[in-house]
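Comments concern the structure below.
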Amino acid sequence: MKEKNTTSLLTVGVFLGFVFGFFFSGMIGAAGELSAQRYLFYKMYRLAASVFQWPLFKWMAICVITVVVLFILSKALEKANKTVVTVMAGCLVFFPAVWAVNHYWLTYTKFHPVSLAVDLGLFVFIAFFIWILGKVFGKGRWESLLHRLNEKRTIKRAAVVAVILLLLLNAGVYVVGTSGGAKGPNIVYIVIDTLRYDSLGCYGYHRDTSPNIDRLAGEGVVFKRAYSSAPWTKPSVASLFSGLSPNIHRAVNARGAVPEAVPLTAEILKNDGYRTFFFSGKNNFIGKRFHFHQGFDHYLNASLKARKLTDRVLSVLEENRGGRFFAYVHYMDAHLPYGSNGFNFFFTPEKKDSPFVPGGFRHKFVKRKAAAGKLSGEDKAYIKSMYDGQVRYVDKHIERIVSWLKEKGIFDNTLVVVTADHGEEFWDHGNFEHGHSLYDELIRVPLFFAGNGLTHEVVERPVRLIDILPTVLEMAGIKAHGYRLEGIELFDKSNDKKPVPPVFVMNTLYGPEKYALIRGSRKLIVNTADMYPGKDEVIGYSSQDPVEFYDLSGDPGETENLADTETGGETLAGLQRMLTEFIEREPTFKSKQVKLDKKTKDQLKTLGYL
Ligand SMILES: [Zn+2]
């Protein structure tokens, strides 16, 4: 009789656990995520498996817990102190229920009055429910219920199938999730937020801002004319991660997020067996909210200066240097407000009476003051000196990463990519900061590849940050399945014979939308009147010309607009056609962004583009 009881409990427990577990383990959410991420479509089986790993484990755990709970209940019922049983059963149901309700449905904090009221309601309801059950079943009746359930063959069979299925699924997911292993080099991206290309020694700057970066560049392949896809962080890093232009990946404007379906560098590398690490000195535009964490095993986006951020990088890499890794390191120190550190006054003596204090910078205040003509040339030079000091500060800590790689003997097997998401304007075109225009001081960035056996070379042709992903995948021996990359492989010699692809840049953070196209030394900028929701006004100067056309070879500072002159005519029309093609491409991915509506199109038509 006792043995039969045990079998009954086991069968019924597994059956109930299997059903509960399906709903409460997150399996349904995981299936939704798999479909949103399109991992099967891209043949990213390792990532597909990793989506289910945790929910499947929870599903199995729920089965085990249900069996244990049934055993305890049944023991208690044998000794039958009904009050004790009711309270125990109530607690067993109450606590998981409260947890599930708070976790899945309520958005309030745990001790918010609404949460507490819901908890109380649940407690009363469950206590009442258990009390009724106690009345209905009593002793004896509970056991006979178990027997009756156990005698149903379907339940027995279902329980056996459930156990086999769960074991197989768990084993399968484990095997697929850990099979193979990356064969390419380790990959380290070092991105210095807001770093102008011409603020580095290796790009000709007169100040010694970057002795260590320069030395590393001297060992690698330097791209003298590299362009980001946008003049601010979010669309630019999304392009770096996806190899796609902003109007394709659609992480544009203040509200746009990277669609789950866009395959990102970390996802592609993780699927190949890399361990993936993200470190940022805190920039919310590349936060989880905008889905930049996709594919990263370790994601850190915290207010850390270069020194502490580098400490974290090195300690995580030290723990993980056994296998292949991809580390993304994003320094925020050259971005306003230039947090206080030993390098603020490296290139200028501190002015005690200046309103520009490290960490206390308010960019709107500075912009307004400058726009009103109340900022002296001396003030502007002081601010640029402070910026240069921050570049020198970051340079010092980048050296620590390079030294670590060399000390551990893995530098030659590590591809190091150094770049920036965008530059910074110091009144080159009458404004300050970034995100408001598409002039070279904002979109031209440093870019070089070092390590992995590369030797020094300087490339003069224009390249784009969207070219980095195809180049890295080629070096790691990874083939793209089912997804398109817009960029080209930068080390593929056969590309040298082909025409250099044009550089397409778009999406300002402030003011109406702007587009730019660069072909050779010619640059076209189109200033539309389309203001998207969530965008701020431009404080300070922004060009009112609908079309700007520059010859960068003779006029690198973009001071003379050739749009209306005879000489620019033919090339200008060609660039306009090309730009229109880029703008009109069908978006591959869905986004919550406002589409190019009729008004926008009409506007562009009046300017002669669509
Ligand atoms: Zn940035």
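The values are calculated or read from the model by the stated rules, or taken from the named source; none is laboratory data. Because the structure is a prediction, the values reported are computed rather than measured. Glycine also receives a Cβ, built like all others from the backbone with ideal geometry; neighbour counts cover every protein chain displayed.
Quick notes on this one:
- Residue check for residue 209: in a helix (DSSP H, G or I) and among the hydroxyl-bearing types (Ser, Thr, Tyr): no
- Subset tally (residues that are away from the ligand (no atom under 16 Å from the Cβ), more than 23 Å from the chain's Cα centre (by Cα) and small (Gly, Ala, Ser)) for the stretch 157-203: 9
- A single entry from 358, 349 fulfils the requirement of being crowded, with 17+ Cβ neighbours inside 10 Å and out of contact with any strand residue (DSSP E or B) (no Cβ under 7 Å at 6 or more places or on another chain): 358.
- Qualifying residues in the stretch 404-442 (those that are of a type in the set (A, V, I, L, M, F, W, C) and under 20 Å from residue 544 (Cβ atoms)) - the one nearest to the ligand (Cβ to nearest atom): 442
- Condition met for residue 505 (within 16 Å of the ligand (Cβ to nearest atom), outside any loop (DSSP other than H, G, I, E, B) and in contact with a strand residue (DSSP E or B) (Cβ under 9 Å, 6 or more places away or on another chain)): yes
- Looking only at the stretch 227-245, and only at residues there that are over 15 Å from residue 295 (Cα atoms) and of a type in the set (A, V, I, L, M), the one that is farthest from the ligand (Cβ to nearest atom): 244
- Verdict on residue 473 being over 18 Å from residue 370 (Cα atoms) and within 16 Å of the ligand (Cβ to nearest atom): no
- Verdict on residue 260 being away from the ligand (no atom under 12 Å from the Cβ), modelled with pLDDT under 95 and of a type in the set (D, E, K, R): yes
- Any pair with Cβ under 6 angstrom, 6 or more apart, that starts in the stretch 171-198 at a residue that is farther than 22 Å from residue 410 by Cβ and ends at one that is more than 16 Å from the ligand (Cβ to nearest atom) and hydrophobic (A, V, I, L, M, F, W, C): 173/49; 173/52; 173/56; 176/49; 177/49
- Among the candidates 470, 501, 446, residue that is surrounded by fewer than 18 Cβ atoms within 10 Å (Cβ to Cβ) and either farther than 26 Å from residue 254 by Cα or touching a helix residue (DSSP H, G or I) at 6+ places or on another chain (Cβ under 7 Å) (or both): 501
- Entry remark, the stretch 178-200: residues being surrounded by fewer than 20 Cβ atoms within 10 Å (Cβ to Cβ) and closer than 26 Å to residue 505 by Cβ number 1 in total.
- Residue count, the stretch 512-537 (criterion: surrounded by 22 or more Cβ atoms within 10 Å (Cβ to Cβ) and part of a loop (DSSP other than H, G, I, E, B)): 1
- Search result, residues across the stretch 347-383 that are in a loop (DSSP other than H, G, I, E, B) and in contact (Cβ under 8 Å) with a residue 24 or more places away in the chain: 347, 348, 351, 354, 356, 358, 361, 362
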